[in-house]
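Working notes for the structure below.
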Amino acid sequence: MSYRPTVKSRFALAFAFASAIAGCPASPPHSRVSAQKATVGALLDEHFDDPGLHGWSLDVGASTGDGPTSDVRVEGGALRLSADATTRRFLSPVRTVDAAGARLIRVSIRMHTEDVSAVRARFVNCDAFVRFDHGPVTAVTPVFTGTVAWTAVRRVVRVPPGSRQMGIGVFLS
């Protein structure tokens, strides 16, 4: 992302919830999958009460050279990612959970942004994602730019056959 010199861009994730859904056909993200009574249980139910982010890793999601690293912290019950014009290394908090046996994963997230700009951006990322067994990243939210009020996003993602783990994470660059 490109930033105005004195503006700090912020991306906040208030709540991440991923549940496994077994034995039901693929459903569009807006359908009521839970009405099919196929929910297996929560893989991850995170309220961000722990300022130490235990269970989360801070991966370098992107780098544009040596320099300051983006800020990741828990504040007011939300996971907050911040960066400004001087940021060169962008951290991505990721939580890995067991996904063995799941066919579909339902992800529900509340997000909001402040002053995020994609002008002259080398990487345009301000989203939440899942990754199965360290494979390719699948975005589960649109890329948010500008200032966006708290917005709930829900998506159902098909689990690749044989997957053992799922990483769920957020990224601001």
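The values are calculated or read from the model by the stated rules, or taken from the named source; none is laboratory data. All values reported here derive from a predicted model rather than from experimental measurement. So basically every Cβ, Gly included, is an ideal-geometry build from the backbone, and we count neighbours across all protein chains shown. Calculation scope for accessible area: heavy atoms of the full protein, side chains included, ligands and nucleic acids excluded. Shrake-Rupley method; radii C 1.70, N 1.55, O 1.52, S 1.80 Å.
Table for the structure above
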item: Scan of the stretch 46-60 for residues that are touching a Gly at 6+ places or on another chain (Cβ under 8 Å) and either open to solvent by less than 50 Å² (accessible area, probe 1.4 Å) or modelled with pLDDT of 85 or more (or both), ordered by number; result: F48, D59
item: Given (1) open to solvent by less than 20 Å² (accessible area, probe 1.4 Å); (2) assigned to a loop (DSSP other than H, G, I, E, B); (3) at pLDDT below 85, index of the condition A20 fails; result: (2)
item: Sole residue being open to solvent by 30 Å² or more (accessible area, probe 1.4 Å), without any contact (Cβ under 8 Å) to a residue 40 or more places away in the chain and out of contact with any Cys (no Cβ under 6 Å at 6 or more places or on another chain), chosen from V137, V143; result: V137
item: Top-ranked residue in the stretch 146-166 [being modelled with pLDDT of 90 or more and farther than 13 Å from R106 by Cα; ranked as least open to solvent (accessible area, probe 1.4 Å)]; result: S163
item: Test result for A62, out of contact with any Asp or Glu (no Cβ under 9 Å at 6 or more places or on another chain) and not in a strand (DSSP E or B); result: no
item: Output for the stretch 154-172, where each listed residue is within 14 Å of L58 (Cβ to Cβ) and not β-branched (V, I, T); result: G167, G169, F171, L172
